[in-house]
1. Can you pull out the residues in the stretch 150-160 that are out of contact with any strand residue (DSSP E or B) (no Cβ under 7 Å at 6 or more places or on another chain) and without any contact (Cβ under 8 Å) to a residue 40 or more places away in the chain?
2. Check Ala85, Ala63 and return the single one that is surrounded by 13 or more Cβ atoms within 10 Å (Cβ to Cβ), touching a helix residue (DSSP H, G or I) at 6+ places or on another chain (Cβ under 6 Å) and at pLDDT 95 or above.
3. Can you say whether Ile21 is among the aliphatic types (A, V, I, L, M), in contact (Cβ under 8 Å) with a residue 24 or more places away in the chain and under 18 Å from Val190 (Cα atoms), as far as the supplied structure shows?
4. Does the stretch 179-198 contain any residue that is crowded, with 23+ Cβ neighbours inside 10 Å and of a type in the set (S, T, N, Q)?
5. Regarding the stretch 143-162, can at least one residue be identified that is within 15 Å of Glu206 (Cβ to Cβ) and assigned to a helix (DSSP H, G or I)?
6. Check whether at least one residue in the stretch 221-232 is more than 20 Å from Asp113 (Cβ to Cβ), of a type in the set (Gly, Ala, Ser) and surrounded by fewer than 18 Cβ atoms within 10 Å (Cβ to Cβ), and report yes or no.
7. Could you tell me whether any residue of the stretch 69-79 is part of a strand (DSSP E or B), in contact (Cβ under 8 Å) with a residue 12 or more places away in the chain and in contact with a His (Cβ under 9 Å, 6 or more places away or on another chain)?
8. Do you know which residues across the stretch 88-116 are in contact with a helix residue (DSSP H, G or I) (Cβ under 9 Å, 6 or more places away or on another chain) and part of a helix (DSSP H, G or I)?
Amino acid sequence: MMTLKVSSDLLFQINDPTALILMLRPLNGAQQSIITDDYIVTPNVPVLENTDSYGNLCQRLVAPPGEFSIHTASEVTTSENVDIAPGACFMEIQNLPDKELPYLLPSRYCESDRFGEFTAALVADALPGYDQVNKIAEWVHRSIQYLPGSSDTPVSAVEVHNRGYGVCRDLAQLAIALCRSISIPARLVVGYLHNLEPMDLHAWFEAYVGGRWYTFDPTQSELRGGRVIIAFGRDAADVSVFHQFGSGCQLMQMTVRVERVDDPLSTLL
């Protein structure tokens, strides 16, 4: 296990009072344990928290005109490694838990109904289940260029496949669409990754095989731990770190930091 201090600072320029819904607090219990948790808004306004249908922690507030900042910081214990399970079996649809069924269906940014024949050919020589997902993740890593900062708005899996590049979210959503196209539940994950270059909030995906969820990350050449989960969802529409309602709000700056605090040689990223 390892202990990470993760933080994010968001600075908004608000023209008119603006309702915001945010997802900025890490989950407790998703293979991680929260030790400390700070959430500071300036100027100070009431913040209401609820849990959405996917179990994510959502914060609601109305930001007043002027500069408005949000600071979050958490110390989290998480695993240094990621579980792998070559050979873990494909789960027949009739044996899937009810709560995993939504992750089989096409969604706004993961048009899995467009990839069936392509994916079937891609994974034809892999064992059904984990090995198929691993082959999908490896194909996305090789075939789609990971370009941080290349997109500030979500694009669909079909668009990413056609253009051949994208940010972490885009690569994960393409892999999700391919998994769902062969009836493997897959979901998008947003959070922090230790030693990510360049440092930012990160997105990867999980697939449900062998009776549990496993982590995959097509942006990285080597699957590693040091991950802190903020939110799960079908695609980017479910896990945006902030939603603004109205046009009177602009994000001016966002700074993300991840520091290993149980290692005296660690440095702030």
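The values are calculated or read from the model by the stated rules, or taken from the named source; none is laboratory data. What you see is a predicted model, and the numbers here were worked out from it, not measured in a lab. Here Cβ is always computed from backbone atoms with ideal geometry, including for glycine, and neighbour counts include all displayed protein chains.
1. Correct list: Asp152, Thr153, Glu159.
2. Working: Ala63 fails: touching a helix residue (DSSP H, G or I) at 6+ places or on another chain (Cβ under 6 Å).
The unique qualifying residue is Ala85.
3. Numbers: among the aliphatic types (A, V, I, L, M): yes; in contact (Cβ under 8 Å) with a residue 24 or more places away in the chain: yes; under 18 Å from Val190 (Cα atoms): yes.
Taking the combined requirement at face value, the residue satisfies it.
4. Checked against the condition, which is being crowded, with 23+ Cβ neighbours inside 10 Å and of a type in the set (S, T, N, Q), the stretch 179-198 yields at least one hit.
5. Going residue by residue through the stretch 143-162, those that are within 15 Å of Glu206 (Cβ to Cβ) are none.
Within the stretch 143-162, none of the residues are within 15 Å of Glu206 (Cβ to Cβ) and assigned to a helix (DSSP H, G or I).
6. Start the filter on the stretch 221-232 by keeping residues that are more than 20 Å from Asp113 (Cβ to Cβ), which leaves 221-232.
Still in the running and of a type in the set (Gly, Ala, Ser): 221, 225-226, 231.
The next check asks that each one be surrounded by fewer than 18 Cβ atoms within 10 Å (Cβ to Cβ); those that pass are 221, 225.
Checked the stretch 221-232: at least one residue is more than 20 Å from Asp113 (Cβ to Cβ), of a type in the set (Gly, Ala, Ser) and surrounded by fewer than 18 Cβ atoms within 10 Å (Cβ to Cβ).
7. Start the filter on the stretch 69-79 by keeping residues that are part of a strand (DSSP E or B), which leaves 69-78.
Then keep just the ones that are in contact (Cβ under 8 Å) with a residue 12 or more places away in the chain; that gives 69-78.
Filter once more, keeping what is in contact with a His (Cβ under 9 Å, 6 or more places away or on another chain): 78.
Yes - at least one qualifying residue is present in the stretch 69-79.
8. Taking the stretch 88-116 and keeping what is in contact with a helix residue (DSSP H, G or I) (Cβ under 9 Å, 6 or more places away or on another chain), we get 88-91, 93, 96, 101, 103-116.
Across the stretch 88-116, the qualifying residues are Ile93, Leu101, Tyr103, Leu104, Ser112, Asp113, Arg114, Gly116.
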